[in-house]
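Please read the structure below before turning to the comments.
The values are calculated or read from the model by the stated rules, or taken from the named source; none is laboratory data. In this text the structure is predicted, and so the values were computed from the model without any measurement. Ideal geometry is used to build each Cβ from the backbone, glycine not excepted, and the neighbour counts take in all protein chains shown. Note: accessible area is taken over every heavy atom of the protein model, side chains too, but ligands, DNA and RNA are not part of it. Shrake-Rupley method; radii C 1.70, N 1.55, O 1.52, S 1.80 Å.
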Amino acid sequence: MIEIRKSAERGYADHGWLQSYHSFSFADYFDPRHVQFGPLRVINEDRVAPGMGFGTHGHRDMEIISYVLSGELAHKDSIGNGSVIRPGDVQRMSAGTGVRHSEYNHAAHDTTHFLQIWIVPDRNGIEPGYEEKHFDAADKRGRLRLVGSPDGAEGSVRIHQDVRLYAGLFDGDETATLTLAPGRRAYVHVARGAVAVNGQALEAGDAAKLEGVDAVSLAQGDAAEVLVFDLP
């Protein structure tokens, strides 16, 4: 079974300095049909205005992944980490017993466009942690590159959950197939461009939930950047 969720069906919030689309229920947006998919709890597509950002705030018991599409995002947290992430970077923060952090776009003129992803961890109360890895565009071109996993396989960031996150870039005749083990499901988010997922045409912001299928196939890409979650 494949269920398509179109971009325009997502929740939306305009805070002036922040425009945010919510694939799942978040903050003031609630849709009982879209609360989470397995342990995948949040995908927010955020655009942060120049010189603006999220002030210091707290999280607990959540795996938080940031994936920058354009611009830069400065991160600072209460466990001593400070960095600036850019396109190609994948940042994972394990909130665990509690962490406070801020995220800012310090650019004078450029908007930061990024995905904020939350995954429910496999257990609560872990020690807070932080990790950041860079994945070149060439490494994602025409293939699904593992960028997050429970064991840090292939140089991916470690996620404290039985989830594997892949990123890929597809154009023209480039194709990829991800085989799913029995009992697994998948969630595909099109970050930009257009691509066919198991024969279904999707565009930027669209998503597909796949259950009871053997594989996820990507084809007919048009400047597409795609995230695929292999989920329990």
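Go through the range 38-96 and give me each residue that's farther than 26 Å from D206 by Cβ and β-branched (V, I, T). Matches in the range 38-96: T56, I79, V84. Looking across the range 93-122, the residues that are part of a strand (DSSP E or B), touching a residue at least 60 places away in the same chain (Cβ under 8 Å) and not aromatic (F, W, Y) come down to S94, T112, H113, L115, Q116, I117, I119. Being modelled with pLDDT of 95 or more, closer than 25 Å to P232 by Cβ, among the acidic types (D, E) and in contact with a Phe, Trp or Tyr (Cβ under 9 Å, 6 or more places away or on another chain) is a condition met by no residue of the range 84-99.
Could you please find all residues in the range 39-86 being of a type in the set (K, R) and more than 11 Å from the chain's Cα centre (by Cα)? Scanning the range 39-86 gives R47, R60, K76, R86.
Yes or no, residue by residue, for (1) without any contact (Cβ under 8 Å) to a residue 12 or more places away in the chain; (2) over 23 Å from H34 (Cβ atoms); (3) open to solvent by less than 70 Å² (accessible area, probe 1.4 Å):
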{"site": "T175", "(1), (2), (3)": "no, yes, no"}
{"site": "R192", "(1), (2), (3)": "no, no, no"}
{"site": "V195", "(1), (2), (3)": "no, no, yes"}
{"site": "A208", "(1), (2), (3)": "no, no, yes"}
{"site": "D222", "(1), (2), (3)": "no, yes, no"}
{"site": "E225", "(1), (2), (3)": "no, no, yes"}
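Scanning the range 123-139 for residues that are open to solvent by less than 90 Å² (accessible area, probe 1.4 Å), more than 19 Å from Y166 (Cα to Cα) and in a loop (DSSP other than H, G, I, E, B) returns G125, I126, P128.
Would you confirm, using the coordinates I've provided, whether I4 is within 28 Å of D110 (Cβ to Cβ), surrounded by 14 or more Cβ atoms within 10 Å (Cβ to Cβ) and either among the acidic types (D, E) or modelled with pLDDT of 95 or more (or both)?
Values: within 28 Å of D110 (Cβ to Cβ): no; surrounded by 14 or more Cβ atoms within 10 Å (Cβ to Cβ): yes; either among the acidic types (D, E) or modelled with pLDDT of 95 or more (or both): yes.
Against the criterion (within 28 Å of D110 (Cβ to Cβ), surrounded by 14 or more Cβ atoms within 10 Å (Cβ to Cβ) and either among the acidic types (D, E) or modelled with pLDDT of 95 or more (or both)), I4 does not qualify.
Residues in the range 140-180 that are in a strand (DSSP E or B) and aliphatic (A, V, I, L, M): L146, V147, V157, L165, A167, L169, A176, L178.
Evaluated against (1) modelled with pLDDT under 95; (2) open to solvent by 50 Å² or more (accessible area, probe 1.4 Å); (3) at negative phi; (4) among the small types (G, A, S), A74 falls short on exactly one condition, (2).
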